[in-house]
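Undergrad: What follows is a single structure, and I will ask about it in a moment.
The values are calculated or read from the model by the stated rules, or taken from the named source; none is laboratory data. Just so it is clear, the model here is predicted, and its values are computed rather than measured. To get the accessible areas, we keep the full protein, side chains included, count just its heavy atoms, and leave off ligands, DNA and RNA. Shrake-Rupley method; radii C 1.70, N 1.55, O 1.52, S 1.80 Å.
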Amino acid sequence: MRAMTHLVNMGSSIDSRNFTRVGCVGAGVMGHSWATLFAVKGYQVALQDISEDNLERAMGWIKTALDLMAEKTVIQLSEVKPALSRIHPTTDLGEAVGEADFVLESVYEDYGAKRDIFRDMDAHAPEDAILATGSSWLLITEIQKATGRPERCVGAHGFNPPISCPWWR
Ligand SMILES: NC(=O)c1ccc[n+]([C@@H]2O[C@H](COP(=O)([O-])OP(=O)(O)OC[C@H]3O[C@@H](n4cnc5c(N)ncnc54)[C@H](O)[C@@H]3O)[C@@H](O)[C@H]2O)c1
């Protein structure tokens, strides 16, 4: 929640309404862990990737991460199932971002791919949603050109794995 407030505070044109729904695009190394983090923090998460196999793999990683967090007392054991139930896997980008307040893209590092995805995210996400990229080194100022809302696009690069970042706690 603090991290989301931080993101919201980054731009004066971005309001501070309550965020409840997050769309995570890409369910690989970073995407599954971002989804885990948001779910642990109480957000409804739609996790999107290009295949059911990738989503099944990601949900397995998420379950393993949650179990480990409970074992290490980072979260309570009773929090594991509710967190898991807040993550909804889908291969449909429109479904993943259609009701999202915040969308975080975690696909491979390539301007063309990220611009294509930002174009689709822009087309399907609510007009006031924030669109973020977890890119390590690509410029958000270049990626946001694919959208009609550059003022609502942000870079949100995280440590790997995002769920371990101490400043989220
Ligand atoms: N791995 C790291 O340590 C790390 C750390 C910080 C930031 N990043 C950044 O995070 C981003 C993702 O990196 P990663 O390591 O998670 O990559 P990854 O290869 O593990 O995962 C990428 C996922 O995106 C999916 N994907 C590809 N095309 C897609 C599409 N059109 N729609 C939806 N999903 C699609 C792939 O199937 C895959 O599951 C990159 O921009 C990278 O620079 C990575």
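Undergrad: Fully extended, how many nm does the chain gain between Ile75 and Leu139 (0.36 nm per residue separation, minus their Cα-Cα distance)? If you can, show how the numbers build up before the last one.
TA: Details: separation 64, 0.36 × 64 = 23.04 nm, distance 3.48 nm.
Between Ile75 and Leu139, full extension yields an extra 19.6 nm.
Undergrad: Here is a further query. Could you compute how much accessible surface Leu55 exposes when probed at 1.4 Å, giving the result in Å² to the nearest 10?
TA: Using a 1.4 Å probe on the heavy atoms, I get roughly 10 Å².
Undergrad: Full extension from Asn160 to Tyr108: what is 0.36 nm times the residue separation minus their Cα-Cα distance, to one decimal in nm?
TA: On the way: separation 52, 0.36 × 52 = 18.72 nm, distance 1.44 nm.
Computed gain between Asn160 and Tyr108 is 17.3 nm.
Undergrad: Sorting Phe159, Phe102 by accessible area (1.4 Å probe), largest first, what list results? Display every interim value, and only then the final one.
TA: Values: Phe159 135, Phe102 0 Å².
Result, largest first: Phe159, Phe102.
Undergrad: Something else about it: How large is the accessible surface of Met30 in square angstrom, using a 1.4 angstrom probe and rounding to the nearest 10?
TA: 50
Undergrad: Sort Lys145, Lys41 by heavy-atom solvent-accessible area, probe 1.4 angstrom, most to least.
TA: Largest accessible area first, the list is Lys145, Lys41.
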